[in-house]
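Below: the structure, in structure tokens.
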Ligand SMILES: Nc1nc2c(ncn2[C@@H]2O[C@H](COP(=O)(O)OP(=O)(O)OP(=O)(O)O)[C@@H](O)[C@H]2O)c(=O)[nH]1
Ligand SMILES: [Mg+2]
């Protein structure tokens, strides 16, 4: 394929052959003997970027597309490969540059302009065209991440309440070891599954309790951390033991997150005692299940899908940020724009305001790769596999 109409914009020769390993090996050593070398991870995409075929956000989306685990993630990555983030950034940069041009004109030719800088108008434009939309983009990350990586559902609770049993049932796979011994699970166990159309990552971990066992202690720490990062917490309690003060302590720890209180082992009791669970003290819905008999699991699945479908549904029309690096750059840009707006309002000198706007532009250009950081480039392209 002749340049520039190839993936890398360079001349490319593609050799097609029979796929057996011996034939491949022969051809590979032949071309290497003739002076070729094997590609670095992501080198083709990196060249495409360096030769201006795609911007950095598009290159990153290629990696996302390759690793996409579900349809929603594929759709999102494909939109970004087509340049959704690039175009969004371009609009912000244009607005910021036009604001800068207005200010710079005043700095350079103060006598040419009859009227002074329209600080109010400029600040209103920045709020409407830049600050508002970027704030929205930063907030979209929670959804973008859930679409890309799956909705994170963390199963937590005291030891022995049936967390691992529940994970196995929900994931329809024997992922975690189940025994009657309290403190069985130590590592965080992850299971990918799809409920309805919702892709999710279930996690099970050590039961939360104080322990002198050094291994269990680490397990509990990981468990706490895991639930902390969840999109949805399933707090499992035992119907047999009732809602204990330790259960309440765990609940209070996560009550600011979306959650469901799961009363497990209902096969062991005649009636579930909900006297400790008044609506005022409980931020979450309550469901009765038995991980042993499967009773109530259908409703639990429905409740999980219901909670998650707003966050992680496949249907999204707005631009979503799904890459943590992009989110950080947007946040930096946001801070700089905020500072510029404050400067405009508080009568700060024009050159300071212009500097803040320039900072915002730079943060945005880190997303597209127009502003560059060599180390960042290496990190990004190392994520790729060889040959991409
Ligand atoms: N009767 C009954 N027993 C259950 C149920 N769920 C779990 N069990 C039993 O309770 C015990 C503990 O189950 P696990 O799933 O290992 O509990 P866990 O919360 O993961 O425990 P740790 O990993 O130690 O924190 C096992 O003997 C399970 O068979 C249930 O719904 N009903
Ligand atoms: Mg367990």
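What follows draws every value from the coordinates through simple rules; no lab data is involved. Predicted, not measured: the structure shown is a model, and the values here were computed from it. Here Cβ is always computed from backbone atoms with ideal geometry, including for glycine, and neighbour counts include all displayed protein chains.
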Query raised in the report: Once the Cβ-Cβ distance between residue 301 and residue 281 is put in as r, and R0 is 22 Å, what FRET efficiency do you end up with, to the nearest 0.05?
Result: 0.25
Report task. Averaging sequence separations of C-alpha pairs under 8 Å and six or more residues apart, then dividing by the length of the chain, give the relative contact order as a whole percent. Result -> 21 percent
Query raised in the report: Rounded to the nearest 5, what % of the DSSP beta bridges within the stretch 148-312 are antiparallel ones?
Result: 25 percent
Query raised in the report: What FRET efficiency would be calculated for the residue pair residue 142, residue 188, taking the C-beta separation as r and a Förster radius of 22 Å, to the nearest 0.05?
Result: 0.60
Report summary line: Between the modelled labels at residue 217 and residue 15 (7 Å from Cα along Cα→Cβ) the distance in nm is 5.8 nm
Report task. Between the alpha-carbon centers of the stretch 84-100 and the stretch 114-184, tell me the distance in whole angstrom. Result -> 27 Å
Report summary line: Length-normalised contact order of the stretch 148-312, Cα under 8 Å, at least 6 apart, in percent, tallies to 24 percent
Report task. For the stretch 234-374, calculate the relative contact order in percent as a whole number, restricting contacts to Cα pairs under 8 Å that are 6 or more residues apart. Result -> 16 percent
Query raised in the report: Rounded to the nearest 5, what % of the DSSP beta bridges within the chain are antiparallel ones?
Result: 30 percent
Query raised in the report: Hey, quick one: spin label on residue 358, modelled 7 Å out along Cα-Cβ, who in the stretch 70-103 has an amide N within reach, i.e. under 19 Å?
Result: 93-103
Report task. Return the whole-Å distance between the Cα centroid of the stretch 39-57 and the Cα centroid of the stretch 323-388. Result -> 21 Å
Query raised in the report: What's the center-to-center distance, using Cα atoms, between the stretch 194-238 and the stretch 239-306 in Å?
Result: 15 Å
Query raised in the report: What angle, in degrees between 0 and 90 and rounded to the nearest 10, separates the Cα long axis of helix 214-228 from the longest principal axis of the Cα atoms of the chain?
Result: 60 degrees
Report summary line: With R₀ set to 22 angstrom, the calculated FRET efficiency between the beta-carbons of residue 173 and residue 292, to the nearest 0.05, is 0.85
Report summary line: per DSSP, antiparallel bridges as share of beta bridges in the stretch 55-202, % nearest 5, sits at 60 percent
Report task. Using a/c under 1.5 as the rounded threshold, could you call the chain rounded, prolate or oblate? The axes a ≥ b ≥ c are square roots of the C-alpha gyration tensor eigenvalues, and prolate needs a/b larger than b/c, oblate otherwise. Result -> oblate
